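Before any comments, here is the structure.
The values are calculated or read from the model by the stated rules, or taken from the named source; none is laboratory data. Note that the structure is a prediction, hence the values are computed from the model and not measured. Cβ: placed from backbone, ideal geometry, glycine included. Neighbour counts: every protein chain shown. Ligands, DNA and RNA are stripped out before the accessible areas are found, and what is left, the full protein with its side chains, is counted by its heavy atoms. Shrake-Rupley method; radii C 1.70, N 1.55, O 1.52, S 1.80 Å.
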Amino acid sequence: MLPSVVMKKASEEFLNWNNTGMSVMEMSHRGKEYMSIFRKTEQDLRKVFQVPNNYHILFLQGGAITQNFMVPMNLLDNGTASYVVSGYWSKRTYNDALAFQNINLAASSESEEYVSPPEFSDWNFSQNDSYVHFCQNETIHGVEYFNTPTIDVPLVVDMSSTILSRQVDISKYGVIYAGAQKNIGPSGLTILIVRDDLLERSRIDTPTTYNWKIQSENDSMINTPTTYSIYMAGLVFEWLMSCGGLSEVEKLNIKKSKLLYDYIDNSDFYYNEINNDYRSRMNVPFRIRDDELTMKFVEEAESAGLYQLKGHRLVGGLRASIYNAMPIEGIEELLNFMNDFEKNNK
Ligand SMILES: *Cc1c(COP(=O)(O)O)cnc(C)c1O
């Protein structure tokens, strides 16, 4: 979901932004109108996410997956890199990185079917690591790290499904990246926050559009950026500030996810297997004890106006993705539906 106030503002401005007679979609990315949108979007993200001054914010393309090779191209140097695997996405990241030399698996929870991610104390680093990569929230498996390890090596994190769901201490990270389409705005935009000193490490054969340093020196405009997605992201940043910032957003996310997990835990009809300490606040996977009822649940939920509850095709079951813009009323409606479904199918 996107916040309805954001969608309303975008629709009101669609044909005529700020009395220019132009749609944002029609603007030159280097024109003064678009540049004013772009600068404000960057400043608002810096403000709402408390991004320190020694970090650059880049607005890139290719989604989070493209960072699977951009990260090694920009950071690997001649060293090694260690990867933590805690679910589908971080495994995919690790597998993509294997195309490069000296990639090390620091820890994996695959053999436990990802019900609990590897604890920080079990991460095995290499001597020469240029960086360590992990995923803050496994969107498909519903497993989230709530703390950040303190390590000397630059920490690179995929925050695609948790960015802006709560404040993090950005200074503990070397690089934060996220596809915008889960918790920010429309697809097409990848946000990358990188500590300035790490911009000096890119391999010489890194193409310009993939080169963080070159992008940072060119306002992320070494080629045309995703102008409209950036504009929409800017409206979402304004909305987050109007909600009272990330501390308020986090409180609501805790409340929303707790409602759902408490209901599931108190039920003998539904269940969730993830270790309590690592249950995602953004993606709540659950199953019906009688697995045969899963498709019926999905169909009847859709008839009731509750969409996208089917679990990812790789893991089956059900999943409620309850990103920032999902109001608490949405959770309450889901719980009412789950309650009725249980009564009718017990
Ligand atoms: C969705 C998702 C991805 C994939 O992102 P794309 O933008 O489609 O490349 C990667 N990592 C996580 C954690 C995700 O949730």
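Within the set of pairs 6+ apart or on separate chains, which have a first residue in region 270-290 that is free of Cβ contacts under 8 Å to residues at least 24 places away in the same chain and under 25 Å from LYS343 (Cα atoms), a second that is open to solvent by 70 Å² or more (accessible area, probe 1.4 Å) and in a loop (DSSP other than H, G, I, E, B), and C-beta atoms under 7 Å apart? So the pair list comes out as TYR271/ARG289.
It is to be established whether one or more residues within region 76-89 are open to solvent by 50 Å² or more (accessible area, probe 1.4 Å) and closer than 25 Å to ASP196 by Cβ.
Yes, some residue in region 76-89 is open to solvent by 50 Å² or more (accessible area, probe 1.4 Å) and closer than 25 Å to ASP196 by Cβ.
The set of residues in region 137-163 that are in contact with an Asp or Glu (Cβ under 7 Å, 6 or more places away or on another chain), among the polar types (S, T, N, Q) and farther than 18 Å from GLU110 by Cβ comprises THR148, THR162. Counting only residues that are open to solvent by less than 10 Å² (accessible area, probe 1.4 Å), among the aromatic types (Phe, Trp, Tyr) and in a loop (DSSP other than H, G, I, E, B), region 133-157 holds 1 of them. Helices (runs of 4 or more DSSP H) fully within region 15-132 that include at least 1 residues being within 16 Å of the ligand (Cβ to nearest atom) and touching a Cys at 6+ places or on another chain (Cβ under 7 Å): 88-97.
Among the residues of region 171-184, is there at least one that is free of Cβ contacts under 8 Å to residues at least 40 places away in the same chain, open to solvent by less than 60 Å² (accessible area, probe 1.4 Å), within 30 Å of SER86 (Cα to Cα) and of a type in the set (A, V, I, L, M, F, W, C)? Checking region 171-184: at least one residue is free of Cβ contacts under 8 Å to residues at least 40 places away in the same chain, open to solvent by less than 60 Å² (accessible area, probe 1.4 Å), within 30 Å of SER86 (Cα to Cα) and of a type in the set (A, V, I, L, M, F, W, C). The set of residues from region 168-191 being assigned to a loop (DSSP other than H, G, I, E, B) and under 14 Å from the mean Cα position of the chain (by Cα) comprises VAL168, ALA180, GLN181, LYS182, ASN183, ILE184, GLY185, PRO186, SER187, GLY188, LEU189. For ARG166, the conditions (1) within 16 Å of the ligand (Cβ to nearest atom); (2) touching a residue at least 60 places away in the same chain (Cβ under 8 Å); (3) in contact with a strand residue (DSSP E or B) (Cβ under 8 Å, 6 or more places away or on another chain) are fulfilled apart from (3). Every test in (1) touching a residue at least 40 places away in the same chain (Cβ under 8 Å); (2) assigned to a strand (DSSP E or B); (3) within 12 Å of the chain's Cα centre (by Cα) is passed by SER160 save one, and that test is (2).
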